[in-house]
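The values are calculated or read from the model by the stated rules, or taken from the named source; none is laboratory data. Worth saying up front: this structure is predicted, and the values here are computed from it rather than measured. We place every Cβ from the backbone using ideal geometry, glycine too, and count neighbours over all the protein chains shown. These accessible areas exclude ligands, DNA and RNA; they are computed on the full protein's heavy atoms, side chains included. Shrake-Rupley method; radii C 1.70, N 1.55, O 1.52, S 1.80 Å.
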Amino acid sequence: MKKIVIINGHPNGDSFNFALVKAYIDGAKQSGAEIRAITIANLDFNPNLQFGYSKRMDLEPDLLEAWEMILWADHLVWVHPVWWGGLPAITKGFIDRLFLPGMAFKYRPNSVFWDRLLKGKTAHIITTMDQPGWYYHLIYGRPSVNQLKKSTLQFCGVSPVKVTYIGIVKTSDEKLRKTWIEKVTKLGKENL
């Protein structure tokens, strides 16, 4: 039985991202997967990595619980919007505070290489946007995907990392949103 953590990176509880998270959870439950959810906006933590890596900040209880879920999971599903080409600030802060040296990766002494401490996990990024996915990829080089997929998840050993683009959200109608909900429910059923 697959163990899945779905991480909701949208700060607004009324957003379409919350409907997508629910759809994925519904699908995953139908498959028999064990699923847990992290709603970043509901966590009580300081998103500012105040001292960089020069001094370790104590992790708040909500971050400790979120990290335990991430370690427990086989598969991480990230749902977030693209804002100004990147992740919402609260999502970036969550990553900054949790994906730390000694936890998610470990620098090797006197080396440019590092150990990937999250090996064996897979991930799927479901990202919403107000432009077509192909346009975001071709014109802008998909910076949020590169940041989360390559510079965070794969850097820490998570592989493979799949990506699903949902958009154009701002001009979508009820029928199109229903299609997207069905698509994400199917991803959940297939544990993708």
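Please report the net charge: other residues with Cβ closer than 12 Å to the Cβ of residue 30, K and R +1, D and E -1. Numbers along the way, then the final one.
Numbers: positive: 29, 186, 189; negative: 26, 190.
Counting the neighbours of residue 30, the net charge comes to +1.
Let me know the shape class of region 98-180, please: from the alpha-carbon gyration tensor, a ≥ b ≥ c as square roots of the eigenvalues, rounded when a/c is under 1.5, otherwise prolate if a/b is greater than b/c, or oblate. Cα axes put region 98-180 in the prolate bin.
Whole angstrom only: what separates the Cα centroid of region 158-192 from the Cα centroid of region 1-61? About 17 Å separates the Cα centre of region 158-192 from the one of region 1-61.
Summarising the overall dimensions of region 80-142 from its C-alpha atoms, the Rg and Dmax are 15.4, 44 angstrom. Here the ratio of the Cα radius of gyration of region 1-89 to 2.2 N^0.38 Å is 1.19. Search the structure for amide H atoms under 5 Å from the amide H of residue 128, placed 1.01 Å from N in the peptide plane, and list their residues when 5 or more places away or on another chain. Those qualifying (amide H under 5 Å, at least 5 residues apart or on another chain) are 80, 82, 166. Sites listed here are chymotrypsin sites (Phe, Trp or Tyr not before Pro) in region 1-53 whose DSSP assignment is loop and whose Cβ has at most 15 other Cβ atoms within 10 Å: 51, 53. Approximating the spin labels as points 7 Å out from Cα along Cα→Cβ, the residue 96-to-residue 151 distance works out to 1.2 nm.
For the pair residue 64 and residue 134 in one chain, pulling the backbone fully straight at 0.36 nm per residue adds 21.5 nm over the alpha carbon distance.
Fully extending the segment from residue 2 to residue 34 would add 10.9 nm, taking 0.36 nm per residue of separation and subtracting the current Cα-Cα distance. Across 22, 170, 92, mean-square fluctuation computed from a Gaussian network of the chain (C-alpha pairs under 10 Å connected) peaks at 170. Of all beta bridges that DSSP places with both ends in the chain, some 15 percent have antiparallel geometry. How much FRET efficiency would the formula 1/(1 + (r/R0)^6) give for residue 55 and residue 186, where r is the Cβ-Cβ distance and R0 is 35 Å, rounded to 0.05? Approximately 0.20, to the nearest 0.05. Within the accessible surface of region 69-192, defined with a 1.4 Å probe on protein heavy atoms only, the carbon and sulfur portion equals 56 percent. Against the compact-protein benchmark of 2.2 N^0.38 Å, the Cα-based radius of gyration of the chain scales to 1.02.
Relative contact order of region 59-128, please, whole-number percent, based on alpha carbon pairs below 8 angstrom and at least 6 residues apart. Before the final figure, lay out the partial values.
Details: 64 pairs, mean separation 30.3, N = 70.
Reported as a whole number, the value is 43 percent.
Near residue 189, once Lys and Arg are set to +1 and Asp and Glu to -1 for all other residues with Cβ below 10 Å from its Cβ, the sum equals 0. Over the chain, accessible surface divided per residue gives 52 Å², non-protein components excluded, 1.4 Å probe. Across the chain, C-alpha contacts under 8 Å between residues 6 or more apart give a mean separation that, scaled by the residue count, equals a relative contact order of 29 percent.
Computed with a 1.4 Å probe over protein heavy atoms only, the accessible area of residue 64 comes to about 90 Å². Angle between the Cα long axis of helix 16-31 and the longest principal axis of the chain, 0 to 90 degrees, nearest 10? Tilt relative to the chain: about 90 degrees. Under a 5 Å amide H cut-off, with hydrogens placed 1.01 Å from N, residue 2 pairs with 34 among residues at least 5 apart or on other chains.
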